[in-house]
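Structure record follows, encoded as structure tokens.
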Amino acid sequence: MTRSITDRIRLNNGTEMPWLGLGVWKVREEEKLIRSVRTALDYGYRSIDTATIYGNEAEVGKAIRQSGVPREELFVTTKLWNTEHGYERTISAFEESLKQLKLDYIDLYLIHWPVRDAFTETWRAFIKLYEEGKIKAIGVSNFQTHHLEEIIATSDILPAVNQIELHPRLTQKPLLNFCRNRGIQVEAWSPLMRGRLMDEPVLTELASRLNKSVAQIILRWNLQLGIATIPKSVTTTRIIENAGIFDFELSDEAMLAIDGLNQDIRTGAHPDFFDTPK
């Protein structure tokens, strides 16, 4: 059971990843981005999740350098965007991410979306970069079961992580079970459903009873399901609050009640219908 913000998950290749991270999606203002990353690192976060398409890799790198936290303590994730699929393009895109971040290596590099007829070739490039030691772990994002099966059928190296939209209205149990059975760690993006669950009675009742916030209840639910989580926030109080999930546990009854909120509702695109490059 995770009991500290310093606790880590051992991925299928032996790399250790923090359970809790900070997401920086849509944060483009440099001062705001640097302040939020610095706040997170000051309060014990060690995982920062960005992506090429977010347009803030350089700012994330700057915040990391300013923090004074040793590089080996940090876990930095970035992602390959859809227009950069293909073997050679992937290599170039990765090198550009390294340049923007001003890092010597990436801890976790993800295929952002499963672009049809492209991601298996892209995965070959990921493997090359991984074998060269430029990435500690490679994985995917927004992959459904059939996408994962395609990679498994064509490669001896499994994704270490599948980062997916997952929250109490979208529990993704079949996909979660598939990943568990194959040693692929699931990580939740948009775990708080972009703030749309703050008035949900099941959650507010649990929060009141346990003297916690609704956000803390949801994030704790993630952890007890064995799911890493990367809530996004630029608000200092919320970044600090989101870290307060290691000093309590949800009962089996509470876990089932939260599971029961599922309605298969997404805030983002469905991976099978996401726009892909022509």
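List of remarks:
- Of all positions in the range 246-256, none carries a residue that is in contact with a Gly (Cβ under 9 Å, 6 or more places away or on another chain) and not basic (Lys, Arg).
- Pair list, Cβ under 7 Å, 6 or more apart: the range 255-273 residue in a loop (DSSP other than H, G, I, E, B), other residue among the small types (Gly, Ala, Ser) and surrounded by 14 or more Cβ atoms within 10 Å (Cβ to Cβ): Thr267/Ser190; Gly268/Ser190
- Taking residues in the range 177-190 that are in contact (Cβ under 8 Å) with a residue 12 or more places away in the chain and among the charged types (D, E, K, R), and partners anywhere that are outside any loop (DSSP other than H, G, I, E, B) and buried (at least 22 other Cβ atoms within 10 Å of the Cβ), the pairs with Cβ atoms closer than 6 Å and at least 6 places apart or on different chains are Glu187/Val161; Glu187/Gln163; Glu187/Ala228.
- Any hit, the range 100-116, residues being β-branched (Val, Ile, Thr), touching a residue at least 12 places away in the same chain (Cβ under 8 Å) and either within 23 Å of Asp247 (Cβ to Cβ) or assigned to a loop (DSSP other than H, G, I, E, B) (or both): yes
- Subset of the range 250-268 that is surrounded by fewer than 15 Cβ atoms within 10 Å (Cβ to Cβ) and more than 30 Å from Trp113 (Cβ to Cβ) - its residue that is farthest from the chain's Cα centre (by Cα): Glu253
- Of the residues in the range 198-213, none is closer than 29 Å to His146 by Cβ, surrounded by fewer than 21 Cβ atoms within 10 Å (Cβ to Cβ), modelled with pLDDT of 95 or more and not hydroxyl-bearing (Ser, Thr, Tyr).
Residues checked against (1) touching a Pro at 6+ places or on another chain (Cβ under 6 Å); (2) hydroxyl-bearing (Ser, Thr, Tyr); (3) crowded, with 23+ Cβ neighbours inside 10 Å; (4) more than 24 Å from Arg182 (Cβ to Cβ):
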| residue | (1), (2), (3), (4) |
| --- | --- |
| Val37 | no, no, yes, yes |
| Ala40 | no, no, yes, yes |
| Thr50 | no, yes, yes, yes |
| Lys102 | no, no, no, yes |
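- Residue tally, condition farther than 16 Å from Gln172 by Cα and assigned to a helix (DSSP H, G or I), over the range 124-153: 13
- Selection of the range 26-45 for residues being outside any helix (DSSP H, G or I) and in contact (Cβ under 8 Å) with a residue 24 or more places away in the chain yields Lys26, Val27, Arg28, Tyr43, Gly44, Tyr45.
The values are calculated or read from the model by the stated rules, or taken from the named source; none is laboratory data. Note that the structure is a prediction, hence the values are computed from the model and not measured. Virtual Cβ from ideal backbone geometry, glycine too; neighbours counted across all protein chains shown.
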